[in-house]
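Below is one structure, written out as structure tokens; the observations come after it.
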Amino acid sequence: KQGIKLSAIIDKIDIDVSKLVEVLRGEMGGKSQGKKDQEEGFDSKTARMKLGLELLMQIVRKAHKAEQEIYDFVASAKDCTPEEAEKINPIAFFKELFADSSVTDFFTDALASDDKDTKQPQKS
């Protein structure tokens, strides 16, 4: 259900997912060989921080367009009511959200999929 709520926010705010993937690609040195670890130069904590900052900036710019959807998403993630979600510090919420490695994994997988699609031979 959270995925649907997030989709509604992305749609209403018109979040530039390609920009988020671009941030991640920069952290991975332009490569998308799946999940890289620190030995290969990929610092997932830094990537999460940069992704979180970019997403937060995009949301803050247009939050008024999806105010109720944002409260619904926060409420769902924090297991509270939308009214209680209105009182939650959004910066603290997104910091917590991006501390979860599954968010970075989502964009890493999206990047790998994007690169795989662009390397496929085009049918004539």
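A few notes on this one:
- Selection status of residue 103, modelled with pLDDT under 75, assigned to a helix (DSSP H, G or I) and surrounded by 14 or more Cβ atoms within 10 Å (Cβ to Cβ): yes
- Taken over the stretch 57-100, the criterion of being of a type in the set (Gly, Ala, Ser) and either without any contact (Cβ under 8 Å) to a residue 24 or more places away in the chain or surrounded by 15 or more Cβ atoms within 10 Å (Cβ to Cβ) (or both) is satisfied by 63, 66, 75, 76, 77, 85, 92.
- For the stretch 66-100, a tally of residues being modelled with pLDDT under 90, more than 17 Å from residue 9 (Cβ to Cβ) and assigned to a helix (DSSP H, G or I) returns 2.
The values are calculated or read from the model by the stated rules, or taken from the named source; none is laboratory data. Being a predicted model, the structure only gives us computed values, none of them experimental. Glycine gets a Cβ as well: all are built from the backbone with ideal geometry, and neighbour counts include every protein chain shown.
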